[in-house]
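Enquirer: One structure, pasted below without further comment.
Throughout, read-outs are computed from the coordinates displayed, never taken from laboratory work. It should be emphasised that the depicted structure is a prediction, and the values quoted were computed from it without experimental measurement. Here the Cβ positions follow ideal geometry from the backbone for every residue, glycine too, while neighbour counts run over all protein chains shown.
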Amino acid sequence: MKKQKLNTYLLLLLGTLISCFFGFYNRYPFVYSDTGTYLYSGFANFIPWDRTIFYGLFCRHISLETSPWLIIITQSFLINVLLYKTLGFFLEAIIKKLPT
């Protein structure tokens with residue numbers, strides 16, 4: 001049981017690193033035109049009229065006010081956990097239907 005958990009954590013870590021590959025290759029996280037608005041809203045406690053405050057606060061707290069890389073790595077990890085759980089749910093159902 002412990003080995004299975006360790007394998008799961010290693011798989012999620014590997015998936016996180018692979019997901020961040022292009023950012024590492026670029027040596028800077030990819031940003032979009034609205035990234036600045038979200039960062040400003042989180043760090044200045046300002047709510048823009050066309051955006052929610054939640055992602056800005058997420059960025060402020062996850063980055064620890066040091067680096068945007070912590071945000072990127074956290075988002076990548078969360079996406080990999082979601083993919084792992086989703087694929088596990090559907091693949092488990094498929095595996096149960098296979099003849100033994």
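Enquirer: Using θ = phi - 60° and the Karplus form 6.51 cos²θ - 1.76 cosθ + 1.60, what ³J(HN,Hα) does each residue of the stretch 92-99 get, whole Hz, x for Gly and Pro?
Expert: 5, 5, 5, 5, 5, 7, 5, x
Enquirer: How large is the dipole of the chain about the Cα centre if only Lys and Arg carry +1 and Asp and Glu carry -1, each at its Cβ, rounded to the nearest 20 debye?
Expert: Numbers: 9 positive and 4 negative charges, 120 e Å.
That gives a dipole near 580 debye.
Enquirer: Short version: ³J(HN,Hα) in whole Hz for each residue of the stretch 68-79, in order, from phi by Karplus 6.51 cos²θ - 1.76 cosθ + 1.60 (θ = phi - 60°), x for Gly and Pro, what are they?
Expert: x, 5, 5, 5, 4, 5, 5, 5, 4, 5, 4, 5
Enquirer: Just flag the chymotrypsin sites (Phe, Trp or Tyr not before Pro) in the chain sitting in loop per DSSP whose Cβ has no more than 13 other Cβ atoms within 10 Å. Each step should come with its number before you reach the end.
Expert: On the way: sites: TYR9, PHE21, PHE22, PHE24, TYR25, PHE30, TYR32, TYR38, TYR40, PHE43, PHE46, TRP49, PHE54, TYR55, PHE58, TRP69, PHE77, TYR84, PHE89, PHE90; in loops: PHE30, TYR32, PHE46, TRP49.
For chymotrypsin sites (Phe, Trp or Tyr not before Pro) across the chain that sit outside H, G, I, E and B with at most 13 neighbouring Cβ atoms in 10 Å, the list reads PHE30, TYR32, PHE46, TRP49.
Enquirer: Find, among the trypsin sites (Lys or Arg not before Pro) in the stretch 1-81, those assigned to loop by DSSP (not H, G, I, E, B) with at most 15 other beta-carbon atoms within 10 angstrom.
Expert: Numbers: sites: LYS2, LYS3, LYS5, ARG27, ARG51, ARG60; in loops: ARG27, ARG51.
Those that pass, being in a loop and sparsely packed, are ARG27, ARG51.
Enquirer: If you don't mind, there's one more thing I want to ask. So for the chain, taking the charge dipole from beta-carbon charges (+1 Lys/Arg, -1 Asp/Glu), which of THR16, ASN26, THR37 sits furthest toward the positive end?
Expert: My answer, from the dipole projection, is THR16.
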